[in-house]
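What follows is a structure written as structure tokens; I'll ask about it next.
The values are calculated or read from the model by the stated rules, or taken from the named source; none is laboratory data. These numbers come from a predicted model, not from an experiment. Neighbour counts are summed over all protein chains in view; Cβ atoms, including those assigned to glycine, are modelled from backbone coordinates with ideal geometry. For the accessible areas, the whole protein counts, side chains as well, though only heavy atoms, and no ligand, DNA or RNA atoms are used. Shrake-Rupley method; radii C 1.70, N 1.55, O 1.52, S 1.80 Å.
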Amino acid sequence: MATMPASITEFDFAASGRRVIAIEAQGLEAVAGRLDGAFTDACRRMLDCKGRVVCTGMGKSGHVARKIAATLASTGTPSFFVHPGEAGHGDLGMITDADIVLALSYSGESDELLMLLPVLKRQGNLLIAMTGRPDSSLAREADVHLDASVPAEACPLALAPTASTTAALALGDALAVALLEARGFTAEDFARSHPAGSLGRRLLLHIRDVMHSGDEVPKVREAATLSETLVEMSRKRLGMSAIVDADDRLLGLYTDGDLRRTLDDARIDVRATSIASVMTRNPKVIDADALAVEAAQLMEAHKINALIVVDKERRVVGALNIHDLLRARVV
């Protein structure tokens, strides 16, 4: 491995990093101090939009615009990204007259964006511009202009977009969150657009989605012996068995833990003992319409590994254990 020059080995990387973050923090403070009627106007128009918010931008601004579109879409504001270069070659057809266009360009002079303006104006699209130059061509043509200018870039050459892209990203987040709050957007709403994520699984998955039902539910009648119950537990492999009456109403529960305690009692004859004499009466149960995460919380709170699912009449309709929740990635 080649030896690095002394100037490199002695360079204070941490000091450079702190300088960058300080400059970008100053840029964010500057943007926050300018949030005024234009920001409110942009939010109200986006909230009233009957179509989608179409985000667009070139280069680094395009990357930020893509992220803003994703954040808006996941928080209740229908949105997508259109590359301005591709828009000039057919993707403009994705934009309807009901849509709002949010265009990002720090200079406000991006040729690819300016080229689209006559078409968007003719179609009647509302244009919200986010630039660092209020006197730029894009800012002047916009219906609403959001000033994202920063005192300085963190790049010492003042060439690489750094503080300016951070400011634009934060301004996009501010729009998304303000709209989220105005809509009354909830965690359940968020989960519906994130069904594959952990939050979606926790908020959308119900007990009926993960429980065993029908012949898979281990259960015996009150007259059964302990040995007969153990056979049922072995066949159904859920580590427990419900004890039910003639109408399938739950009378009690017998688990693997109960079995270990039973075997410690030399007075109990496994073959002759009635299950009713050793079962747990009034066990913890759950409703099929409850969230799966509620089962996990109940198991954790009471240090149990399985639950019987009952209806309003306490009839047994299902069963699940901790492994079912693990497979569903609820825990």
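Per-residue answers, yes or no, for (1) at pLDDT below 90; (2) in contact with a Lys or Arg (Cβ under 8 Å, 6 or more places away or on another chain); (3) within 17 Å of A319 (Cα to Cα); (4) not charged (D, E, K, R):
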residue: D215; (1), (2), (3), (4): no, no, yes, no
residue: T225; (1), (2), (3), (4): no, yes, no, yes
residue: E228; (1), (2), (3), (4): no, no, no, no
residue: I275; (1), (2), (3), (4): no, no, no, yes
residue: A301; (1), (2), (3), (4): no, no, no, yes
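How about the range 135-170: which of its residues are closer than 21 Å to L116 by Cβ and among the hydrophobic types (A, V, I, L, M, F, W, C)?
Within the range 135-170, L138, A139, A142, V144, L146, A148, A168 qualify.
Moving on. Counting just the residues of the range 258-268 that are free of Cβ contacts under 8 Å to residues at least 40 places away in the same chain and open to solvent by less than 80 Å² (accessible area, probe 1.4 Å), which one comes out farthest from P283 (Cα to Cα)?
If we take residues in the range 258-268 being free of Cβ contacts under 8 Å to residues at least 40 places away in the same chain and open to solvent by less than 80 Å² (accessible area, probe 1.4 Å), then D265 is farthest from P283 (Cα to Cα).
Kindly list the number of the only condition in (1) part of a loop (DSSP other than H, G, I, E, B); (2) in contact with a helix residue (DSSP H, G or I) (Cβ under 7 Å, 6 or more places away or on another chain) that fails for K67.
Result: K67 passes all but (1).
Which of the following residues is of a type in the set (A, V, I, L, M) and in contact with a Phe, Trp or Tyr (Cβ under 7 Å, 6 or more places away or on another chain): I268, I322, I275?
Of I268, I322, I275, the one residue that is of a type in the set (A, V, I, L, M) and in contact with a Phe, Trp or Tyr (Cβ under 7 Å, 6 or more places away or on another chain) is I275.
Something else about it: Take A319 and tell me if it is of a type in the set (A, V, I, L, M), under 19 Å from G214 (Cα atoms) and open to solvent by less than 40 Å² (accessible area, probe 1.4 Å). Write out each step before concluding.
Details: of a type in the set (A, V, I, L, M): yes; under 19 Å from G214 (Cα atoms): yes; open to solvent by less than 40 Å² (accessible area, probe 1.4 Å): yes.
For A319, the condition - of a type in the set (A, V, I, L, M), under 19 Å from G214 (Cα atoms) and open to solvent by less than 40 Å² (accessible area, probe 1.4 Å) - is met.
Among (1) more than 26 Å from the chain's Cα centre (by Cα); (2) modelled with pLDDT under 95, which single condition is T71 missing?
(1)
Evaluate the following for L180: is it part of a helix (DSSP H, G or I) and open to solvent by 30 Å² or more (accessible area, probe 1.4 Å)?
Working: part of a helix (DSSP H, G or I): yes; open to solvent by 30 Å² or more (accessible area, probe 1.4 Å): yes.
Spelling it out, L180 is indeed part of a helix (DSSP H, G or I) and open to solvent by 30 Å² or more (accessible area, probe 1.4 Å).
Could you list, in sequence order, the residues of the range 279-296 that are within 23 Å of the chain's Cα centre (by Cα) and open to solvent by less than 20 Å² (accessible area, probe 1.4 Å)?
Selection gives A290, A292, V293, A295, A296.
Okay, next question. Scan the range 223-257 for residues that are over 46 Å from the mean Cα position of the chain (by Cα) and open to solvent by less than 50 Å² (accessible area, probe 1.4 Å) and report the count.
Residues flagged as over 46 Å from the mean Cα position of the chain (by Cα) and open to solvent by less than 50 Å² (accessible area, probe 1.4 Å) within the range 223-257 amount to 4.
Quick check: anything in the range 297-310 in contact with a Gly (Cβ under 7 Å, 6 or more places away or on another chain), open to solvent by 60 Å² or more (accessible area, probe 1.4 Å), of a type outside the set (F, W, Y) and closer than 15 Å to P218 by Cβ?
So far as the range 297-310 goes, yes, one or more of its residues are in contact with a Gly (Cβ under 7 Å, 6 or more places away or on another chain), open to solvent by 60 Å² or more (accessible area, probe 1.4 Å), of a type outside the set (F, W, Y) and closer than 15 Å to P218 by Cβ.
Within the range 9-19, is there a residue that is surrounded by 15 or more Cβ atoms within 10 Å (Cβ to Cβ) and at pLDDT 95 or above?
Within the range 9-19, not a single residue is surrounded by 15 or more Cβ atoms within 10 Å (Cβ to Cβ) and at pLDDT 95 or above.
Would you check which residues across the range 37-60 are surrounded by fewer than 15 Cβ atoms within 10 Å (Cβ to Cβ) and acidic (D, E) and list them?
D48
Also: Scan the range 62-82 and report the pairs whose first residue is open to solvent by less than 10 Å² (accessible area, probe 1.4 Å) and whose second residue is in a loop (DSSP other than H, G, I, E, B) and not hydroxyl-bearing (S, T, Y), with Cβ atoms within less than 7 Å and a gap of 6+ or a chain change.
Final answer for the pair search is G62/H83; V82/I95.
Run D135 past the list (1) touching a helix residue (DSSP H, G or I) at 6+ places or on another chain (Cβ under 8 Å); (2) assigned to a loop (DSSP other than H, G, I, E, B); (3) at pLDDT 95 or above and report the number of the one that doesn't hold.
If we test D135 against (1) touching a helix residue (DSSP H, G or I) at 6+ places or on another chain (Cβ under 8 Å); (2) assigned to a loop (DSSP other than H, G, I, E, B); (3) at pLDDT 95 or above, just (1) comes out false.
When the residues of the range 83-117 are narrowed to those that are open to solvent by 40 Å² or more (accessible area, probe 1.4 Å) and of a type in the set (D, E), which ends up modelled with the lowest pLDDT?
The extreme case among them is D91.
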